[in-house]
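Working notes, structure below.
Any read-out appearing in this document is the output of simple, stated calculations on the displayed coordinates, not a laboratory observation. Keep in mind that this is a model prediction, so the values were computed, not measured. Here Cβ is always computed from backbone atoms with ideal geometry, including for glycine, and neighbour counts include all displayed protein chains.
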Amino acid sequence: MQSSAAGCGDGEARPLSVEEALAVLLDGARPLSDTETIATRSAAGRVLAAPVVSSIDQPVWDNSAMDGYAVNAADAASRGGRLRVAQRIPAGSSGEPLVPGTAARIFTGAPVPPGADTVVMQEACGSDNEHVQVPADLTPGANIRRRGEDVHAGQALIGPGTRLGPQHLGLAASVGVAELSVVRRLRVAFVASGDELVMPGRPLGPGQIYNSNRFLFAALLEALGCEVIDLGIVVDRLDATMDALADGAARADLVLASGGVSVGDEDHVRPAVQRLGSLDLWRVSMRPGRPLAFGHIADTPFIGSPGNPVSLFVTFCLFARPFILRMQGVADDLTPSPLPVTADFDWPRPAKRREYQRARLERDADGRPLARIFPSRSSAALTSLTWANGLVVLDEGRALTAGETVPFIPFSELLG
């Protein structure tokens, strides 16, 4: 159910801490072994399966770091800095060996001609087109990018397990790599549970709400490069829930569900998973998102989040996202890196569970970062997610007053 209430205790073990729960999930994440070869141009966001090794030096040859004149420093000094401009070398061409007493007009990126050991920036020179006057105190080697100073042939540039960003694709292309071996896309099936759910575009009946979770799930998964399998809305019946989850497990590498993971009479996802497989984790000591389920349907991993959309968003970012990245083969540390910021709010009543409050990071008149929290703690208030640009973390048992330091996790650390 998209609006199901938070779970209550039923005699089972204590709720796990966020760190304990994440450790359980990541321990159960089995990276995909299937790979595919795709064009470098299409590899943004994919996870590298084989190292990128350069077959060339970079730069390929000594080249000019700026527009100016290529000269031999000793030759120029012996002639008082006055040299005849004997050739012009734009980028994309190559020059002739430098004759004594001459200079080459050269442009950024062009190969330095044999015999030249220095490039003098054009702003430091005087020229009448036929001759150039260069300074007397030249430093040999100045303004020349040497062959192989950035990359040498045979060097491994990008390691397996790297989630490829624009900078990685640029580096691969710079050494001539046209195709990359990447982990295949993770297939993720998701289902939204609840008789009350209606798709946007249809009129609402009594007691019905629009299915926002379907759009949240799809967008969050697509941002991670997953192949998304939308199982639709499942009604609040155990048999229908079992059928949907079994279908998802047969078609996907991972099954996600929203709603139905608490202990209410209409919460059927949790018992369905227990009948189809196993449940390894159920409750986490946090708010929002206490009833978080993790287990397996046959051999397919399953993650179930609360039905309220804010709870879904927060638990996806903190648990499902790192689990998915690990299944995709990402080798990095997958925990977010909070920023220490100043609280612009009071929190007088210590909470019993860790709180992830939707927050907006702003600047005061002196440019210092201040964190404000959304006025409502409702986990159904989707407006809080569009208002916020991150989450403030409030540990259990902590009270604070405005001006104290709090951890802030930017959404940029949690999305995509």
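Ranked from largest, the principal axis spans of the Cα set of the stretch 63-145 equal 31, 23, 22 Å. Across the stretch 33-47, the residues whose backbone nitrogen lies under 14 Å from the label position 7 Å along the beta-carbon direction of ALA173 are 39-45. Taking label positions 7 Å along the Cα-Cβ direction at both SER337 and SER42, the computed distance is 3.3 nm, reported to one decimal.
A straight chain from GLU404 to HIS152 at 0.36 nm per residue would run longer than the Cα-Cα distance by 85.7 nm. Tell me, how many Å apart are the Cα centres for the stretch 27-71 and for the stretch 157-210? About 22 Å separates the Cα centre of the stretch 27-71 from the one of the stretch 157-210. Using the Cα coordinates of the chain, the gyration tensor eigenvalues translate into equivalent-ellipsoid semi-axes of 59, 27, 17 Å, sorted from longest to shortest. Looking at the square roots a ≥ b ≥ c of the eigenvalues of the Cα gyration tensor of the stretch 91-234, which shape do they give, rounded for a/c under 1.5, prolate if a/b is larger than b/c, or oblate? Prolate. Available extension along the chain between GLN122 and ARG275 is 47.4 nm, counting 0.36 nm per residue and deducting the alpha carbon span.
The orientation-averaged projected area of the convex hull spanned by the Cα atoms of the stretch 339-413 comes to 5.0 nm². A simple rule links phi to the HN-Hα coupling: the Karplus curve 6.51 cos²θ - 1.76 cosθ + 1.60 with θ = phi - 60°, which for the stretch 405-415 gives 8, 10, x, 10, 9, x, 4, 4, 7, 10, 10 Hz, with x for Gly and Pro.
Translational diffusion of the stretch 189-234 was estimated from the Stokes-Einstein equation, with Rh taken as the Kirkwood radius over Cα pairs; at 4 °C and 1.567 mPa s the coefficient is 115 µm²/s.
Between ASP239 and SER78, the modelled label-to-label distance comes to 10.0 nm, taking each label 7 Å out from Cα in the direction of the beta carbon.
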